[in-house]
Amino acid sequence: MFRTLKTLMTGANRRAEAELRDHFSIELIEEKIAQAGDNLKTAKATLVGLIQKERGETRQIAKLDQQIADLTARAQAALEAGREDLATTAAQGIADMENERSLRQQTLERLEGRILRLRQSVEAANRRILDLKQGAIAARAVKSEARMQSRLKPALEGQPMDEAAELIAQVMGQDDPFEASDILSEIDRGLAPQNLSDTLADAGFGAPTRASASAVLGRLKAGK
């Protein structure tokens, strides 16, 4: 039983979360895009720092190259002048600077590799964020249209329209008062005593109470 209740609670929580995500989908999209934008800013700042280090190492290597070239020229001059002691000291300095330059060159190459990879990642992230923003605009428009439709549907299909249709059907189904009046008049005429006399006279019982086409035709024939 406990396992069943746990399963039901898990399902209810999942449905509630899905409904919540659907209700606040636009807000969640905008928040996720904002978080991605913050991450992009952090990546850009890191890229800036790496580029600054790269430029610093490049300047240091160029400076070492100048110092090595200068000290090499001085050591050669010392050797030519017979000052091997000074040339030996200069040679040690040149060796130290060359070692330093080698380390800085390795550092520079690593920085260049990191910069290249990070720059590509930043460019890809920037393009994706632009796509997400465009998608958010489209999603916002669809959501707005859906909300408008949900508000319009009850207004267009609600109780007032149903009541109007019912009233129209009621009016159209009513009896025609003029037709009813004509029928009543016909009934009244049929029930009147003079109408009964006319009916009997037309059947040949008693004198005619009104002129008829047959009587007029008989007179015309008799007058020939």
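Taken together, Arg101, Arg21 contain a single residue that is at pLDDT below 90, in a helix (DSSP H, G or I) and in contact with a helix residue (DSSP H, G or I) (Cβ under 8 Å, 6 or more places away or on another chain), which is Arg21.
As for segment 32-49, it holds no residue that is over 30 Å from Ile137 (Cβ atoms), at pLDDT 90 or above and touching a helix residue (DSSP H, G or I) at 6+ places or on another chain (Cβ under 6 Å). If you go through segment 55-98 and keep only what is among the hydrophobic types (A, V, I, L, M, F, W, C), assigned to a helix (DSSP H, G or I) and exposed (fewer than 12 other Cβ atoms within 10 Å of the Cβ), you end up with Ala62, Ala69, Ala73, Ala95. Taking residues in segment 53-67 that are modelled with pLDDT of 95 or more, and partners anywhere that are among the polar types (S, T, N, Q) and in a helix (DSSP H, G or I), the pairs with Cβ atoms closer than 6 Å and at least 6 places apart or on different chains are Glu57/Thr107.
Among all residue pairs at least 6 apart or on different chains, which show Cβ distances below 9 Å where the first residue, located in segment 22-45, is assigned by TED's automatic domain parsing to the domain that holds Ala136 and over 17 Å from Arg128 (Cβ atoms) and the second is at pLDDT 90 or above and assigned to a helix (DSSP H, G or I)? From residues that are assigned by TED's automatic domain parsing to the domain that holds Ala136 and over 17 Å from Arg128 (Cβ atoms), there are no pairs.
The values are calculated or read from the model by the stated rules, or taken from the named source; none is laboratory data. Note that this is a predicted model, so its numbers are computed, not measured. Every residue, glycine among them, receives a Cβ derived from its backbone with ideal geometry; neighbour counts consider all protein chains shown.
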